[in-house]
Amino acid sequence: MDGVRKAFDGRAVLDGVTFSAAPGEIVGLVGRNGAGKTTLLRTMAGIFRPDAGSVRYDGLDVYRVPEARARLFFVTDEREWLGHYTPKAFLALFSRIYPRFDREAFWARLRAFDLPPNRKVQTFSKGMKGLFYLSLALSTGAEGILLDEPTEGLDPIYKKEALRLLVEAAAEARPLIVVATHRLEELETIADRVLFLREGRIDGEVAVEALQTRYGKWQVALAEGVGPEALERLSGVRILARTGRVMTVLVEGAPEEVPGRLREAGALFAEPLPLRLEDVYVRKLGGTPDEG
(Lines give C-alpha, C1' and ligand atoms only; values in the text may rest on other atoms or scores of the structure.)
Protein backbone atom coordinates (compact mmCIF):
# COMPACT_ATOMS: atom_id res chain seq x y z
CA MET A 1 0.00 0.00 0.00
CA ASP A 2 1.62 3.22 -1.18
CA GLY A 3 0.38 6.74 -0.49
CA VAL A 4 -3.28 5.73 -0.39
CA ARG A 5 -5.84 8.50 0.01
CA LYS A 6 -9.60 8.06 0.25
CA ALA A 7 -12.23 10.69 0.98
CA PHE A 8 -15.99 10.62 1.41
CA ASP A 9 -18.08 13.77 0.99
CA GLY A 10 -14.91 15.83 0.93
CA ARG A 11 -13.57 14.42 4.22
CA ALA A 12 -10.28 12.52 4.06
CA VAL A 13 -10.64 9.13 5.76
CA LEU A 14 -7.29 7.78 4.55
CA ASP A 15 -4.59 10.39 4.13
CA GLY A 16 -1.44 9.00 2.53
CA VAL A 17 -1.30 5.52 4.07
CA THR A 18 1.84 3.54 3.24
CA PHE A 19 2.91 0.17 4.60
CA SER A 20 3.92 -3.29 3.44
CA ALA A 21 3.53 -6.78 4.86
CA ALA A 22 4.81 -10.27 4.08
CA PRO A 23 3.25 -13.74 3.75
CA GLY A 24 2.95 -15.52 7.08
CA GLU A 25 2.70 -12.25 8.99
CA ILE A 26 -0.17 -11.34 11.30
CA VAL A 27 -0.47 -7.56 11.32
CA GLY A 28 -2.71 -5.81 13.84
CA LEU A 29 -4.41 -2.56 12.91
CA VAL A 30 -5.59 -0.38 15.79
CA GLY A 31 -6.97 3.11 16.13
CA ARG A 32 -9.72 5.06 17.79
CA ASN A 33 -13.23 4.94 16.37
CA GLY A 34 -13.34 6.84 13.09
CA ALA A 35 -9.60 6.51 12.47
CA GLY A 36 -10.23 4.71 9.17
CA LYS A 37 -9.62 1.03 10.00
CA THR A 38 -12.61 -0.37 8.12
CA THR A 39 -12.05 1.94 5.15
CA LEU A 40 -8.43 0.81 5.04
CA LEU A 41 -9.42 -2.86 4.97
CA ARG A 42 -12.05 -2.29 2.28
CA THR A 43 -9.50 -0.42 0.18
CA MET A 44 -6.96 -3.20 0.64
CA ALA A 45 -9.61 -5.70 -0.51
CA GLY A 46 -10.31 -3.73 -3.70
CA ILE A 47 -13.85 -2.76 -2.66
CA PHE A 48 -13.00 0.95 -2.54
CA ARG A 49 -10.96 2.63 -5.24
CA PRO A 50 -8.20 4.85 -3.84
CA ASP A 51 -8.46 8.53 -4.76
CA ALA A 52 -4.67 8.54 -4.89
CA GLY A 53 -1.93 5.99 -4.40
CA SER A 54 -2.27 2.25 -4.95
CA VAL A 55 -2.72 -1.08 -3.23
CA ARG A 56 -0.66 -3.87 -4.75
CA TYR A 57 -0.49 -7.56 -4.00
CA ASP A 58 2.50 -9.35 -5.49
CA GLY A 59 2.95 -6.37 -7.82
CA LEU A 60 -0.66 -6.38 -9.08
CA ASP A 61 -3.03 -3.45 -8.52
CA VAL A 62 -5.80 -4.85 -6.34
CA TYR A 63 -8.50 -2.49 -7.58
CA ARG A 64 -7.67 -2.75 -11.28
CA VAL A 65 -6.72 -6.43 -11.60
CA PRO A 66 -9.43 -9.00 -10.74
CA GLU A 67 -6.82 -11.75 -10.40
CA ALA A 68 -5.25 -9.84 -7.52
CA ARG A 69 -8.57 -9.45 -5.70
CA ALA A 70 -9.23 -13.17 -6.14
CA ARG A 71 -6.15 -13.92 -4.03
CA LEU A 72 -7.58 -12.00 -1.07
CA PHE A 73 -10.50 -12.63 1.27
CA PHE A 74 -12.16 -9.93 3.37
CA VAL A 75 -14.39 -10.63 6.38
CA THR A 76 -16.50 -7.61 7.29
CA ASP A 77 -17.66 -6.93 10.83
CA GLU A 78 -21.30 -6.81 9.71
CA ARG A 79 -21.76 -10.62 9.87
CA GLU A 80 -24.74 -10.59 7.50
CA TRP A 81 -22.99 -11.14 4.18
CA LEU A 82 -24.91 -13.74 2.12
CA GLY A 83 -26.79 -14.60 5.29
CA HIS A 84 -29.49 -16.42 3.34
CA TYR A 85 -26.87 -19.02 2.35
CA THR A 86 -26.22 -22.16 4.37
CA PRO A 87 -22.61 -23.21 5.10
CA LYS A 88 -23.09 -25.95 2.52
CA ALA A 89 -24.09 -23.33 -0.08
CA PHE A 90 -21.06 -21.20 0.86
CA LEU A 91 -18.86 -24.23 0.21
CA ALA A 92 -20.39 -24.79 -3.22
CA LEU A 93 -19.87 -21.13 -4.18
CA PHE A 94 -16.41 -20.41 -2.80
CA SER A 95 -14.84 -23.71 -3.78
CA ARG A 96 -15.44 -22.55 -7.37
CA ILE A 97 -13.98 -19.08 -6.74
CA TYR A 98 -10.92 -20.20 -4.77
CA PRO A 99 -9.09 -23.13 -6.42
CA ARG A 100 -7.16 -23.88 -3.21
CA PHE A 101 -10.31 -24.14 -1.09
CA ASP A 102 -9.75 -26.83 1.57
CA ARG A 103 -13.06 -28.71 1.84
CA GLU A 104 -11.77 -31.08 4.49
CA ALA A 105 -10.60 -28.24 6.72
CA PHE A 106 -13.89 -26.40 6.20
CA TRP A 107 -15.98 -29.37 7.35
CA ALA A 108 -13.61 -30.01 10.26
CA ARG A 109 -14.03 -26.44 11.47
CA LEU A 110 -17.81 -26.61 11.20
CA ARG A 111 -17.78 -29.77 13.34
CA ALA A 112 -15.33 -28.31 15.85
CA PHE A 113 -17.54 -25.28 16.42
CA ASP A 114 -20.82 -27.22 16.17
CA LEU A 115 -22.05 -25.10 13.26
CA PRO A 116 -25.01 -26.70 11.44
CA PRO A 117 -24.20 -27.05 7.71
CA ASN A 118 -27.80 -26.84 6.47
CA ARG A 119 -29.06 -23.84 8.46
CA LYS A 120 -29.05 -20.37 6.97
CA VAL A 121 -26.21 -18.32 8.42
CA GLN A 122 -28.59 -15.43 9.16
CA THR A 123 -30.26 -17.65 11.79
CA PHE A 124 -26.96 -18.14 13.66
CA SER A 125 -26.17 -16.26 16.85
CA LYS A 126 -23.66 -13.42 16.60
CA GLY A 127 -20.90 -15.61 17.99
CA MET A 128 -21.73 -18.47 15.62
CA LYS A 129 -21.65 -16.07 12.67
CA GLY A 130 -18.22 -14.83 13.70
CA LEU A 131 -16.90 -18.37 13.92
CA PHE A 132 -18.44 -19.32 10.60
CA TYR A 133 -16.99 -16.42 8.59
CA LEU A 134 -13.57 -16.95 10.17
CA SER A 135 -13.72 -20.67 9.36
CA LEU A 136 -14.72 -19.84 5.79
CA ALA A 137 -11.88 -17.34 5.37
CA LEU A 138 -9.23 -19.75 6.65
CA SER A 139 -10.53 -22.52 4.37
CA THR A 140 -10.43 -20.56 1.10
CA GLY A 141 -6.68 -20.87 0.62
CA ALA A 142 -6.54 -17.11 0.01
CA GLU A 143 -3.05 -15.62 0.18
CA GLY A 144 -4.23 -12.53 2.04
CA ILE A 145 -6.96 -12.57 4.70
CA LEU A 146 -8.38 -9.27 5.95
CA LEU A 147 -10.43 -9.41 9.15
CA ASP A 148 -12.54 -6.65 10.72
CA GLU A 149 -13.19 -7.34 14.43
CA PRO A 150 -13.08 -11.13 13.91
CA THR A 151 -13.72 -12.11 17.56
CA GLU A 152 -16.57 -9.68 18.20
CA GLY A 153 -19.41 -11.51 19.97
CA LEU A 154 -17.46 -14.71 20.67
CA ASP A 155 -17.55 -16.23 24.13
CA PRO A 156 -14.16 -16.75 25.85
CA ILE A 157 -13.82 -20.42 24.87
CA TYR A 158 -14.60 -19.90 21.18
CA LYS A 159 -12.51 -16.72 21.14
CA LYS A 160 -9.46 -18.63 22.35
CA GLU A 161 -10.04 -21.26 19.66
CA ALA A 162 -10.47 -18.60 16.96
CA LEU A 163 -7.16 -16.97 17.91
CA ARG A 164 -5.46 -20.37 17.84
CA LEU A 165 -6.80 -20.95 14.33
CA LEU A 166 -5.33 -17.64 13.15
CA VAL A 167 -1.89 -18.42 14.55
CA GLU A 168 -1.91 -21.93 13.07
CA ALA A 169 -3.02 -20.63 9.67
CA ALA A 170 -0.22 -18.06 9.60
CA ALA A 171 2.36 -20.71 10.51
CA GLU A 172 1.15 -23.50 8.21
CA ALA A 173 -0.53 -22.03 5.12
CA ARG A 174 1.38 -18.74 5.54
CA PRO A 175 -1.19 -16.24 4.28
CA LEU A 176 -0.82 -12.60 5.14
CA ILE A 177 -3.40 -11.86 7.85
CA VAL A 178 -4.44 -8.29 8.72
CA VAL A 179 -6.65 -7.91 11.80
CA ALA A 180 -8.41 -4.65 12.65
CA THR A 181 -9.58 -4.74 16.25
CA HIS A 182 -9.92 -2.77 19.46
CA ARG A 183 -9.06 -5.88 21.52
CA LEU A 184 -5.42 -5.17 22.17
CA GLU A 185 -4.98 -8.07 24.58
CA GLU A 186 -5.72 -10.43 21.68
CA LEU A 187 -3.12 -8.82 19.43
CA GLU A 188 -0.54 -9.35 22.17
CA THR A 189 -1.00 -13.10 21.73
CA ILE A 190 -1.24 -13.41 17.92
CA ALA A 191 0.27 -10.41 16.10
CA ASP A 192 3.81 -10.05 14.80
CA ARG A 193 3.46 -6.28 14.70
CA VAL A 194 0.83 -3.63 15.28
CA LEU A 195 0.15 -0.51 13.20
CA PHE A 196 -1.32 2.57 14.88
CA LEU A 197 -3.81 4.46 12.72
CA ARG A 198 -4.55 8.06 13.64
CA GLU A 199 -6.83 10.34 11.60
CA GLY A 200 -6.26 8.35 8.42
CA ARG A 201 -2.49 8.00 8.74
CA ILE A 202 -0.14 5.33 10.05
CA ASP A 203 1.25 6.91 13.21
CA GLY A 204 3.97 4.39 13.97
CA GLU A 205 4.15 0.65 14.54
CA VAL A 206 5.58 -1.73 17.10
CA ALA A 207 6.84 -5.30 16.81
CA VAL A 208 5.10 -7.24 19.57
CA GLU A 209 8.24 -9.23 20.42
CA ALA A 210 10.20 -6.00 20.83
CA LEU A 211 7.56 -4.33 22.98
CA GLN A 212 9.39 -4.89 26.26
CA THR A 213 12.74 -3.67 24.92
CA ARG A 214 11.40 -0.52 23.28
CA TYR A 215 9.02 0.65 26.01
CA GLY A 216 8.83 0.45 29.78
CA LYS A 217 6.08 1.08 32.30
CA TRP A 218 7.20 2.50 35.63
CA GLN A 219 5.75 3.59 38.95
CA VAL A 220 7.50 6.72 40.13
CA ALA A 221 7.35 8.66 43.41
CA LEU A 222 8.41 12.30 43.06
CA ALA A 223 10.30 14.21 45.72
CA GLU A 224 8.41 16.91 47.58
CA GLY A 225 8.29 20.10 45.57
CA VAL A 226 8.80 18.30 42.25
CA GLY A 227 5.80 18.49 39.91
CA PRO A 228 4.71 16.15 37.11
CA GLU A 229 6.00 18.63 34.54
CA ALA A 230 9.51 17.48 35.49
CA LEU A 231 8.68 14.08 34.01
CA GLU A 232 6.75 15.48 31.06
CA ARG A 233 9.85 17.40 29.99
CA LEU A 234 11.72 14.14 29.51
CA SER A 235 11.84 12.87 25.94
CA GLY A 236 9.64 9.82 25.33
CA VAL A 237 7.81 9.99 28.67
CA ARG A 238 4.03 10.02 29.07
CA ILE A 239 2.16 10.07 32.38
CA LEU A 240 -0.53 7.37 32.36
CA ALA A 241 -1.92 7.88 35.87
CA ARG A 242 -1.33 10.07 38.91
CA THR A 243 -2.16 9.76 42.62
CA GLY A 244 -0.60 12.61 44.56
CA ARG A 245 3.15 12.42 44.03
CA VAL A 246 3.02 8.84 42.73
CA MET A 247 2.92 8.54 38.94
CA THR A 248 2.58 5.68 36.49
CA VAL A 249 4.56 6.55 33.38
CA LEU A 250 5.34 5.00 30.01
CA VAL A 251 8.90 5.54 28.86
CA GLU A 252 10.27 4.94 25.37
CA GLY A 253 13.97 4.17 25.26
CA ALA A 254 16.69 1.81 26.47
CA PRO A 255 15.42 0.14 29.69
CA GLU A 256 18.79 0.29 31.46
CA GLU A 257 18.86 4.09 31.15
CA VAL A 258 15.37 4.74 32.49
CA PRO A 259 15.96 4.68 36.29
CA GLY A 260 18.77 7.21 36.02
CA ARG A 261 16.73 9.53 33.80
CA LEU A 262 13.79 9.42 36.20
CA ARG A 263 15.97 10.10 39.27
CA GLU A 264 17.57 13.07 37.54
CA ALA A 265 14.06 14.46 36.99
CA GLY A 266 13.32 14.28 40.72
CA ALA A 267 12.07 10.73 41.35
CA LEU A 268 12.71 9.28 44.81
CA PHE A 269 12.24 5.79 43.45
CA ALA A 270 11.23 4.13 40.18
CA GLU A 271 9.83 0.60 40.00
CA PRO A 272 9.14 -1.32 36.75
CA LEU A 273 5.58 -2.56 36.13
CA PRO A 274 4.19 -5.13 33.67
CA LEU A 275 3.75 -3.53 30.24
CA ARG A 276 0.70 -4.08 28.02
CA LEU A 277 0.06 -3.13 24.41
CA GLU A 278 -2.74 -0.87 25.64
CA ASP A 279 -0.14 1.28 27.43
CA VAL A 280 1.63 1.90 24.11
CA TYR A 281 -1.75 2.57 22.46
CA VAL A 282 -2.39 5.35 25.00
CA ARG A 283 1.10 6.72 24.37
CA LYS A 284 0.58 6.78 20.60
CA LEU A 285 -3.07 7.66 20.18
CA GLY A 286 -4.46 8.82 23.52
CA GLY A 287 -7.60 7.46 25.16
CA THR A 288 -8.50 3.77 25.11
CA PRO A 289 -9.42 1.47 22.21
CA ASP A 290 -13.14 1.75 23.00
CA GLU A 291 -13.17 5.54 23.00
CA GLY A 292 -13.77 7.68 19.98
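Quick notes on this one:
- Cβ pairs under 6 Å, 6+ apart, first in segment 276-292 and under 18 Å from Ile190 (Cα atoms), second among the hydroxyl-bearing types (Ser, Thr, Tyr) and modelled with pLDDT of 65 or more: Val280/Tyr215
- Criterion: over 18 Å from the mean Cα position of the chain (by Cα), under 29 Å from Arg56 (Cα atoms) and at pLDDT 90 or above - qualifying residue of Arg71, Arg119: Arg71
- Qualifying positions in segment 101-143 - more than 18 Å from Leu163 (Cα to Cα) and hydroxyl-bearing (Ser, Thr, Tyr): Thr123, Ser125
- Some residue of segment 80-101 being farther than 23 Å from Ala169 by Cα, among the aliphatic types (A, V, I, L, M), in contact (Cβ under 8 Å) with a residue 12 or more places away in the chain and part of a helix (DSSP H, G or I): no
- Number of the exception - Thr18 against (1) at pLDDT below 90; (2) surrounded by fewer than 20 Cβ atoms within 10 Å (Cβ to Cβ): (1)
- Restricted to segment 253-264, and to residues there that are among the hydrophobic types (A, V, I, L, M, F, W, C) and touching a residue at least 40 places away in the same chain (Cβ under 8 Å), the residue that is surrounded by the most Cβ atoms within 10 Å (Cβ to Cβ) is Leu262.
- Criterion applied to Leu262, Leu211, Leu234 was being part of a loop (DSSP other than H, G, I, E, B) and at negative phi, and the one residue passing it is Leu234.
- Residue, nearest to Ala191 (Cα to Cα), within segment 210-252, restricted to residues that are in contact with an Asp or Glu (Cβ under 7 Å, 6 or more places away or on another chain) and without any contact (Cβ under 8 Å) to a residue 24 or more places away in the chain: Gly236
- Residue ID - nearest to the chain's Cα centre (by Cα), chosen from residues in segment 1-48 that are polar (S, T, N, Q) and not in a loop (DSSP other than H, G, I, E, B): Thr38
- Options Val251, Val179, Val258, Val194: the member that is β-branched (Val, Ile, Thr) and touching a Lys or Arg at 6+ places or on another chain (Cβ under 8 Å): Val251
- Test: residue in segment 91-109 that is surrounded by 15 or more Cβ atoms within 10 Å (Cβ to Cβ) and more than 28 Å from the chain's Cα centre (by Cα): no
Residue by residue, here is whether (1) within 23 Å of Thr181 (Cβ to Cβ); (2) assigned by TED's automatic domain parsing to the domain that holds Pro117; (3) crowded, with 20+ Cβ neighbours inside 10 Å holds:
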position	(1), (2), (3)
Phe8	yes, yes, no
Thr43	yes, yes, yes
Ile47	yes, yes, no
Ser54	no, yes, no
Val62	yes, yes, yes
Pro66	no, yes, no
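- Restricting attention to segment 152-167, the residues that are surrounded by fewer than 21 Cβ atoms within 10 Å (Cβ to Cβ) and either of a type in the set (Asp, Glu) or within 23 Å of Thr43 (Cα to Cα) (or both) add up to 3.
- Residue check: Arg111 meets all listed conditions (1) in contact (Cβ under 8 Å) with a residue 12 or more places away in the chain; (2) in a helix (DSSP H, G or I); (3) not polar (S, T, N, Q) but one, namely (1).
- Number of positions in segment 66-88 that are in contact with a Lys or Arg (Cβ under 6 Å, 6 or more places away or on another chain) and under 16 Å from Phe48 (Cα atoms): 0
- Some residue of segment 130-147 being of a type in the set (D, E, K, R) and either in a helix (DSSP H, G or I) or not assigned by TED's automatic domain parsing to the domain that holds Leu82 (or both): no
The values are calculated or read from the model by the stated rules, or taken from the named source; none is laboratory data. Fair warning: this is a prediction, and the values are worked out from it, not measured in the lab. Counting neighbours? That spans all protein chains shown, and the Cβs are built from the backbone with ideal geometry, glycine included.
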